[in-house]
Every structure is written in C-alpha cells, then in structure tokens.
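In what follows, a single structure is set out as structure tokens and then discussed.
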Amino acid sequence: MAAINRPLIIKCLGCVDYQHTEYAMKQFTKNRTMDVADEVWLLEHNPVYTTGIREAPEPRPGAARIPVVKTGRGGKMTYHGPGQLIAYFLLNIRKRQLGPRSLVNQLEGLMIDFLAGYRVTASRKEGSPGVFVDGRKIASLGLHATATYCYHGISINIDMDLQPFDHIEVCGIPNLEMIQLSDLVDGATIEDALIKLEKYIFKWFAGQ
C-alpha cells in the first residue's frame, strides 16, 4: 500500500462509456481538495476514437462507424475498445512531488514492469509516450496535468480487436503497427491482466 499520508483508492469500473468517464474525471478533479485521496480507475471502454489537444486527421475511409471524441489529454489520436485495459490516474502530483515528465517516465516504467511479469520485454521510444515490443506499440499514455492535479493515464492492449487502429495514424506516427499481449502470451485475458496491474500499481505507489 502507499504511505499512510498519501493513500490510494483503486476502483474497477468494468466496460464504460468514454465521455461519461472523462466527465467524471473532470468533476472529481474540479471538486477535490488537498486532503482527498488519490484514485486509480481500472476499466475498459466501449469502442471510441479519441484525440488529444493537438489536431489529428480523421479516421480514413472504410473505418467502422466508431465515434470520435476530442479530449483534454496530451497526444494525438488513438482507439479504445473492449479487451484493452485502461488505468486512469487521478493524482495530486504536487503532494506526490511528481512533475509531468517524471510522471510519464514512471508510468512507462510501470507498464514495462507489468509486461515483464508476463516475460514480455517492452521498451520506451524517444519522442513517443508509451511502450513498445520490437518496434510495435503495445501500450499508450496520455495525461492532462496542472500544477497540482492530473487525470487520464495509460492503456494496454490485452486481448482486443486491433483492426480499428488500421484506419488512423496512431499517436501521430505513420504506419505504426500495434500489438497486444495475447499475441505474445497464450491465454492472456483482460481479467488476469487487471488483477496483475492492480498489484503493480500498489507496488509502484508503495515506492513513492
């Protein structure tokens, strides 16, 4: 568990609507005070394309009728859908003495450690937040941060339909190939991944 003066609450929300969840994150952050405990929300999303604060091309012709939602996070366009494990970090980064760059680095490290638990070797790529396996992207990262608080977080492809990624320029990188854990580990499931990621998150916060 995290230190007693910096408690952490983890909530498992199931498969939920993206816009409803982003609104809930904004309201939580808007209304919280300095003594409110940090939270991490573990979940999946119904199919949705999301864009960050920078402009991104629309999905290419032939894409399924998946909604496109503009968000306040960093990064460009990506896809979320069932079978992708998402962790939203609603943190008081001032109290935890985490700058945005340090937080990005630590969250990438968390994903690398999580994948190593499956004996999958992942790595960072300069200039592209997230982690990669042999040049293919397996996990993405995007945050909204102020001087005090942050929200949004990470997404890890576990066992999902990757086809919707083919119709966008993922994270602004041309011809980026996506991969998922079930391509690398037989029997990998979202249920098992959620249990494991929750443990890695608590371990990570214990070291804060």
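Values quoted throughout were computed directly from the atomic coordinates according to the rules given, and no laboratory measurement underlies them. Quick caveat, the model's predicted, so the values are computed rather than measured. Cβ placement follows ideal geometry from the backbone for every residue including glycine, while neighbour counts extend to all protein chains displayed.
Listed values, structure above:
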read-out	value
Dimensionless Rg/Rh of the range 107-208 - Kirkwood Rh, Rg from C-alpha atoms	0.96
Order of ASP183, ASP134 under a 10 Å beta carbon neighbour criterion, fewest first	ASP134, ASP183
Label-point separation in nm, VAL16 to GLU126, each point 7 Å along Cα→Cβ	3.9 nm
Lysine pair count for the chain [Cα-Cα under 22 Å; pairs on different chains or 8 or more apart]	17
Fewest-first ranking of HIS144, HIS20, using other Cβ atoms within 10 Å as the exposure measure	HIS20, HIS144
Residues SER182, SER102, SER155 arranged by fewest to most Cβ contacts within 10 Å	SER102, SER182, SER155
Cα-derived Rg over Rh, computed across the range 8-206 with Rh taken as Kirkwood radius	0.93
Cα centroid of the range 24-52 to Cα centroid of the range 140-162, whole Å	10 Å
Distant-in-sequence amide H partners of HIS45 (H built 1.01 Å from N, under 5 Å)	VAL16, GLY81, GLN84
Extension gain (nm, one decimal) between ALA206 and ILE9, 0.36 nm per residue minus Cα-Cα	69.6 nm
Separation in nanometres of the label points that stand 7 Å from Cα toward Cβ, at ALA147 and ASP186	5.6 nm
